[in-house]
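What follows is one structure encoded as structure tokens, with my remarks underneath.
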Amino acid sequence: MLKRIAVSDLELGMFVHKMEGSWFSHPFWKAKFLVDDADKLSTLRDSDLDGVVIDTAKGKDVPAERPSGTATPMPASARIVPTPPARLRSVVGRSAVHTASLQPVPAEVEMHAAKAIADKGQKTVQNTFIAARLGKAINVKAVQPVVTDIMDSVRRNPQAFGGLMRCKLKNEVMYQHALAVSALMVSLARQMKLKQTETHEAGLAGLMLDFGTNYLPQNVDVPNHDYRHADPKVWQSHVMLGYRALQHDDTLPESVLAACLEHHERIDGSGYPKGLGKGEISTIGRMAAICDTFDFLLTRTNRTEALDPAVAVQRMRAMEGAFDEEILRSFIESVGLYPVGSFVELSSGKIAMVIDEDPRDKSKPIVQAFYSRETHERIVPHRVTLAQADIKDEITGIADLAGLDLPDDGQLRELVFFTAYKMAN
């Protein structure tokens, strides 16, 4: 028999048939399970679930002495409709109370501001791009505050904004890409110890790299406004189109123009539009080539699958002759060998996802474990701080999720990331 009860009325030995709430109301992967240990019971009681449905045929019933009305019997055929998953809105929709502060904070704290900056920034970039598409004058000043906000976020926590861009399921790919590359450029500039003005210019360049897509033929049918799906000749033309359009803005620094023109050039001269070699590509152009490629590798197209962030780092290291080696080293130092969003194997036999770096030891990031190789099943997600002295677990390599009973990589990445954030708050 199915009964709906309050979460506070759960006891050891009860069998949970259904949990009422969104994806992020609880950390459990299984929808049905026996409450067989105190930790599981405590986690359920501390969750944001609206209630649970227990199956008294498979577990303990509500005590008979409990006041009537505590449990509501339900027919076995009844369909339980949970609260619709609100994903990001339900998790990070709160106001960013610490935005004005520039003091270092944990990723879970910065996530409030990062989400607000991303939402506002995407709208600003979208409006700027659409205006250009409609033939209106370019308003670069409108996107300048977005760069400042991203710089402030990266200063407070180097990984929160970039991690959010990497783990959030993408809607408008080109606008999301602009914000992601801007954050990567800011982080790389800080790693290279560039001046404040140079860092701001790097962030602005990241936003404007693909501005030329606004001038591509609008009759080209591409999924989700991602022109990388289009014919290569059409896609490659965006570089010169964007460069020529941005030249008309007298307020745009020359470095930003250089980045827009050179972000598809390669050190060995195999890039476009001019086939420039190492000595001919500006520093910011070489930076842009790395940041743009990294985020591109994380995006699925009609020709390629999206890569795990750690796999993308490996792929870029293997692209001999493509990137400036010294700048690439700085880039990897800024995102880590296992960037936020990477699925990794632990020596304990668990599979986890990187959710933040640890300033004490960047080679030992903070991860969220969610699957056991030993039992071949999902486990209650929990945080593992690998750099902590009493933690013996360590990363042994990139996880292969093929054949496991898990959501697809994109959904899984978002789910693990925001579950980790929810639990931390």
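Taken together, the values in this text are just the output of simple stated rules run on the coordinates, not laboratory data. Please read all numbers here as calculations on a predicted model, not as lab measurements. Reconstructed Cβ throughout: ideal geometry from the backbone, glycine too, with neighbour counts over all protein chains shown.
A few notes on this one:
- Peptide ranges 400-409, 173-182 listed from the most packed, as the mean C-beta count within 10 angstrom indicates: 173-182, 400-409
- Members of K168/K364; K18/K58; K32/K168; K3/K58; K40/K60; K3/K60 lying beyond 20 Å, as alpha-carbon distances in this model show: K168/K364; K32/K168
- If R0 is taken as 41 Å, the Cβ-Cβ distance between T301 and L12 corresponds to a FRET efficiency of 0.25.
- Stretch gain in nm, segment D361-K195, where the contour uses 0.36 nm per residue and the Cα spacing is subtracted: 57.2 nm
- Loop-resident GluC sites (Glu not before Pro) (DSSP state other than H, G, I, E or B) in segment 364-404 with no more than 10 further Cβ atoms inside 10 Å of their Cβ: E374.
- Label-to-label distance, E326 versus D249, with points set 7 angstrom from Cα along the beta-carbon direction: 3.0 nm.
- Highest to lowest packing among 6-16, 183-193, 312-322, scored as the average C-beta count within 10 Å: 183-193, 6-16, 312-322
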